[in-house]
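Here's the structure we're looking at; comments come further down.
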Amino acid sequence: MSTTTKPRIALWDNARFVLIVLVVIGHLISTIRTDSALGFGLYAYIYLFHMPGMILLSGMFSRADTSPKAVRSTIQLLVTWGVWELIWAAIRGVVEGRTPGASFLVSPAWTLWFLVSLATMRILLPYLARLRHPLIVSIVLALLAGVIPAIGTEFSASRTLAFLPFFMLGWLARERGWLTGEWFTAPARAARGAAWGVLSLVALAFLLIPQLRSVWRIDRWLTWRDDYFWLFTNAPIGTWQPESWAGVVGGGILVTAVLLALGVALTLALLIVVPRGQSLMTVWGTRTLFVYLIHGPVVWVLRETGAIEWFGGFGELGVLALVLAGGALTVLLSTRWVSWAFRPIVEPRTDWVFARESRDARP
């Protein structure tokens with residue numbers, strides 16, 4: 001019996017490519033972000049919505065069931081995570097002489113937190129989907145995560161809870177058809193203009209506050225891995241540094257709610273302005289996992305060799321050069337030969353994990 005697959009929608013692959021470009025740029029300028037106002041503003045701007053957007057799209061294409069396909073997809077993520085943990089351990093062992101410590105696998109290596117968080121969200125989805133108001137529950141969990149210092153980087157727990165609302169929003173948007181209207185599928189010029197306005201106004205806000213990094217280290221809030229008590233101690237907002245437990249918790253919840261709302265607004269604006277048609281970018285957008293995983297060692301080498309620091313020495317011109325380099329690197333890692341060469345470690349075979357019945361039932 002022949003099977004048919006639903007055609008891919010260009011919009012989502014185009015959006016994936018735009019977001020992965022932002023991911024690469026963000027990582028390239030990360031270590032020099034405080035050296036210039038442009039670097040800091042650009043970093044904060046990107047981190048407001050690049051991972052929220054990636055996770056929202058991941059939620060859209062996740063299933064709230066335990067079908068063989070859903071299980072295989074989650075297992076695939078976990079196996080890929082394990083493979084790349086070994087790769088990072090090998091890199092650090094050979095170059096730095098470091099051996100895996102007590103945090104090995106417990107605290108995911110650098111970019112690998114995304115795989116762990118995504119797998120965890122997929123595991124939680126069938127349970128959350130049965131709740132009457134799953135989005136509200138996810139928002140409450142995200143706001144309360146910063147209250148408990150014990151929720152940290154172990155198994156990416158803090159980031160999983162912080163980004164869970166975006167995952168649930170994506171899933172609900174598909175389930176309930178929130179993005180099927182013409183206002184989204186074929187946005188009018190006014191809608192596109194409004195979306196560009198939102199994206200531009202937030203960017204302009206960062207440009208108009210050149211001393212932001214000396215007033216508020218918002219970048220530390222946007223990593224989504226620390227509790228409110230640590231954040232208000234190490235990244236207070238101007239002179240606002242509450243001391244009481246209630247003040248810290250209330251303030252942390254307020255700031256987090258604002259940042260989450262900005263993440264939603266910017267993500268939606270980006271999805272509205274992203275091209276709807278097929279292009280080379282659409283093809284590249286199907287290979288974002290390859291870019292996400294492989295760019296990490298490349299950026300690490302550039303950091304360790306001092307190349308990024310060298311660019312940083314040119315100030316804002318260096319930041320702009322790294323932005324261009326990030327775009328070029330993303331395109332390079334999106335090519336067909338890269339996906340062919342690295343498929344065994346990005347999409348390793350997992351047939352050996354499953355029982356024979358499950359393997360035989362694979363479409």
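The values are calculated or read from the model by the stated rules, or taken from the named source; none is laboratory data. This one's a predicted model, so the numbers in the text were calculated from it and none came from an experiment. All Cβ positions, glycine included, derive from the backbone under ideal geometry; neighbour counts span all protein chains shown.
Quick notes
- Screening VAL346 on (1) over 21 Å from THR223 (Cα atoms); (2) of a type in the set (A, V, I, L, M); (3) buried (at least 16 other Cβ atoms within 10 Å of the Cβ); (4) more than 21 Å from the chain's Cα centre (by Cα) shows it passes everything except condition (4).
- Residue list for the stretch 303-329, filter: among the β-branched types (Val, Ile, Thr) and outside any helix (DSSP H, G or I): THR305
- Within the stretch 236-260, being more than 22 Å from ILE46 (Cα to Cα) and either touching a Cys at 6+ places or on another chain (Cβ under 8 Å) or free of Cβ contacts under 8 Å to residues at least 12 places away in the same chain (or both) holds for THR239, TRP240, GLN241, PRO242, GLU243, SER244, TRP245, ALA246, GLY247, GLY250.
- Leading residue by the ranking (farthest from TRP84 (Cα to Cα)) among those in the stretch 297-322 that are buried (at least 20 other Cβ atoms within 10 Å of the Cβ) and not aromatic (Phe, Trp, Tyr): GLY318
- Which listed residue, of LEU78, LEU86, is under 30 Å from TRP12 (Cα atoms) and in a helix (DSSP H, G or I): LEU78
Residue-wise test of (1) modelled with pLDDT under 95; (2) within 14 Å of LEU268 (Cα to Cα).
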| site | (1), (2) |
| --- | --- |
| LEU135 | no, no |
| VAL140 | no, no |
| THR153 | yes, no |
| ALA173 | no, yes |
| TRP178 | no, yes |
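- Tally, over the stretch 39-77, of residues that are under 26 Å from LEU333 (Cα atoms), aliphatic (A, V, I, L, M) and out of contact with any Phe, Trp or Tyr (no Cβ under 9 Å at 6 or more places or on another chain): 3
- From the options LEU172, LEU179, residue that is under 23 Å from the mean Cα position of the chain (by Cα) and not in a helix (DSSP H, G or I): LEU179
- MET60 being within 15 Å of PHE166 (Cα to Cα), modelled with pLDDT of 95 or more and surrounded by fewer than 20 Cβ atoms within 10 Å (Cβ to Cβ): yes
- Among the helices (runs of 4 or more DSSP H) confined to the stretch 202-259, the ones with at least 1 residues that are modelled with pLDDT under 95, farther than 23 Å from PHE155 by Cα and not small (Gly, Ala, Ser) are located at 212-215.
- Flag for THR66 being in a helix (DSSP H, G or I), more than 25 Å from PHE290 (Cβ to Cβ), in contact (Cβ under 8 Å) with a residue 60 or more places away in the chain and not acidic (Asp, Glu): no
- Matching residues, the stretch 217-234, being crowded, with 18+ Cβ neighbours inside 10 Å and over 22 Å from the mean Cα position of the chain (by Cα): PHE232
- The condition (being modelled with pLDDT of 95 or more and either outside any helix (DSSP H, G or I) or not β-branched (Val, Ile, Thr) (or both)) is satisfied by just one residue among LEU105, LEU131: LEU131.
- Beta carbons closer than 7 Å, at least 6 apart along the sequence or on distinct chains, pair a first residue in the stretch 30-55 that is over 17 Å from TRP221 (Cβ atoms) with a second that is assigned to a loop (DSSP other than H, G, I, E, B) for SER36/GLY315; ALA37/PRO210.
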